[in-house]
């Protein structure tokens, strides 16, 4: 697949380029043809592949669960309902484990985060060339299948979570409580002068920690998935380097894929648990 | 690493998904789970209640049985007592009746005897008169016949 027409570098770059829609250099709107055009588009462009796959998987998840929810019965459950109930129960237990306040949003939020991220990560287990090659046949030249390897997707989710976190922080603690948390800790003193000196120090520390939370939340997921995808791509390059390397690549791909099953589940779970923890922090004083 | 509009798109789709999950997925599924949990709890409670009631009923039945046994024993004892009483009564009755009958019979016998004696006496008197008549017809000699008359009179 690679090597014959592309160098390894080009192959990797090709795999890591999104299908981007935006304003082309000639002023018209359309799909970018190369990396330079994408760069030129700047902020006002959109990754069509990321949007398509994430929404497709999200709709798939919601379709499946909605179907279960429509036919849900309190009697003897069967088939899909068992699975959906097991998932909901698992999420519910996780939420109850780390979230003490009463909030009807947190559990469905966690369910959405977990399943959606899991499904997007799951696309990573498809051999890296399958969908890009199919889309190439359909005339689409760039296709990044794993949405979570796009920082836009992970940042989007992290920002979504933090909008909710801020909403509940202001709702429960008020603006004063929020500012107090931002300036009156970790250092505090009874002496008003010393306290006054502490306020800027506290503010800098807390601001950094506040900003780092959504950043680390999204970058953790992005980094893991990006690195995993990268390794799959590197293994895929081995297929073009003769039979021996190809066989080794096959073994490596299998091994990495099996290991990756753990990673994709774990990353989805970590994102969910951290979101719950941040929401819990928004509900409690500390 | 291009940050662009995709970020906003992802944010919006995330919000929509969360809203949809909250409204149409989580609530009904957890509602069903809650309902089932309640049903099971109710069923278990009912089962326990039933068992408890059964135990109570068994105890009650035992009590009733014991009472019935005691009553039956009483009744049997009473019946036996009454039986002996009846037998005693019958015995006494029979004895008194017998005695009465005997007394009556005796009185009757005496009466009969008296009546017979009376009749005999009448007949003897008639006989004596007839004898006397015969004697008188043969010889009217009171002095010679005095001893006969005396002897007759003595006989009576």
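Looking only at Cα atoms, what is the convex hull volume of segment B:30-93 per residue, in Å³? Walk me through the intermediate numbers first.
Values: hull volume 3.1 nm³, N = 64.
Cα-based convex hull of segment B:30-93, divided per residue, equals 48 Å³.
If you average 1/r across every pair of different Cα atoms in segment A:160-244 and take the reciprocal, what Kirkwood value do you get, in Å? Numbers along the way, then the final one.
Values: mean 1/r = 0.0609 Å⁻¹.
Answer for segment A:160-244: a Kirkwood hydrodynamic radius of 16.4 Å.
Please report, for the Cα atoms of the protein assembly as shown, the Rg to one decimal and the Dmax as a whole number; what are they, in angstrom?
When restricted to the Cα atoms of the protein assembly as shown, Rg and Dmax are 59.9, 209 Å.
Return one number: the angle in degrees, 0 to 90 and rounded to the nearest 10, between the long axis of the Cα atoms of helix B:142-155 and the longest principal axis of the Cα atoms of chain B.
Result, in degrees: 20.
How large is the helix-only mean residue ellipticity at 222 nm for chain B, computed as the sum of -39500 (n - 2.57) over DSSP H runs with n ≥ 4, divided by its residue count, in deg cm²/dmol to the nearest 500?
Values: 3 runs with 141 residues, N = 156.
The helix-only estimate for chain B comes to -33500 deg cm²/dmol at 222 nm.
So if we plug the beta-carbon distance of residue B:156 and residue B:92 into 1/(1 + (r/R0)^6) with R0 = 30 Å, what FRET efficiency do we get, rounded to 0.05?
On the way: r = 47 Å, r/R0 = 1.56.
Taking R0 as 30 Å, the efficiency between residue B:156 and residue B:92 is 0.05.
Mind pulling the angle between the C-alpha long axis of helix B:27-138 and the longest principal axis of chain B? Nearest 10 degrees, somewhere in 0 to 90.
For B:27-138 against chain B, the angle is about 0 degrees.
Express in nm, to one decimal, how much length is gained between residue A:248 and residue A:179 on full extension, taking 0.36 nm for each residue of separation and deducting their alpha carbon distance. Working shown, then result.
Working: separation 69, 0.36 × 69 = 24.84 nm, distance 5.71 nm.
Contour length minus the Cα-Cα distance gives 19.1 nm.
Could you please state, rounded to a whole Å, how far the C-alpha centre of segment A:124-156 is from the C-alpha centre of segment B:62-114?
116 Å
Please report, in Å, the Rg and the Dmax of segment A:1-86, where both are computed over Cα atoms only.
Here Rg and the maximum Cα pair distance are 21.0, 63 Å.
If you take the C-alpha gyration tensor of segment B:1-146, multiply each eigenvalue by 5 and take the square root, what semi-axes do you get, largest first, in whole Å? If you can, show how the numbers build up before the last one.
Numbers: eigenvalues 3520, 42, 4 Å².
Equivalent-ellipsoid dimensions as semi-axes: 133, 14, 5 Å.
Using a 10 Å cut-off around each Cβ, can you sort A:66, B:91 from fewest to most neighbouring Cβ atoms? Walk me through the numbers on the way to the answer.
Values: A:66 18, B:91 10.
Listing A:66, B:91 from fewest to most nearby Cβ atoms yields B:91, A:66.
Given points 7 Å out from each Cα along the Cα-Cβ axis, report the residue A:207 to residue B:42 separation in nanometres with one decimal.
5.8 nm
222 nm [θ] for chain A, helices only, -39500 (n - 2.57) per DSSP H run of 4+, per residue, to 500? Spell out each step's value before the answer.
On the way: 9 runs with 204 residues, N = 286.
When only DSSP H runs of four or more count, the value is -25000 deg cm²/dmol.
Find the eigenvalues of the gyration tensor of the Cα atoms of segment A:26-154, then list the square roots of 5 times those eigenvalues as equivalent ellipsoid semi-axes, largest first, in whole angstrom. Working shown, then result.
Values: eigenvalues 267, 67, 31 Å².
Semi-axes from the Cα gyration tensor: 37, 18, 12 Å.
Label residue A:80 and residue A:194 with points 7 Å out from Cα along Cα→Cβ: what is the distance between them in nm?
That separation, rounded to one decimal, is 6.4 nm.
Taking 0.36 nm per residue of separation and subtracting the Cα-Cα distance, what length does fully extending residue A:170 through residue A:125 add? Please list the in-between numbers first.
On the way: separation 45, 0.36 × 45 = 16.20 nm, distance 4.08 nm.
Extra length from residue A:170 to residue A:125 when fully extended: 12.1 nm.
Just from the alpha-carbon atoms, what are the Rg and Dmax of segment A:105-201 in angstroms?
According to the Cα coordinates of segment A:105-201, Rg and Dmax are 22.4, 72 Å.
May I ask for the angle, rounded to the nearest 10°, between helix A:48-70 and the longest principal axis of chain A, with both axes built from Cα atoms and the value confined to 0 to 90°?
With both axes taken from Cα atoms, the answer is about 70 degrees.
Just so you know, all these numbers are worked out from the coordinates, no wet-lab data involved. Bear in mind the structure is a predicted one, so any value in this text is a computation, not a measurement. Glycine also receives a Cβ, built like all others from the backbone with ideal geometry; neighbour counts cover every protein chain displayed.
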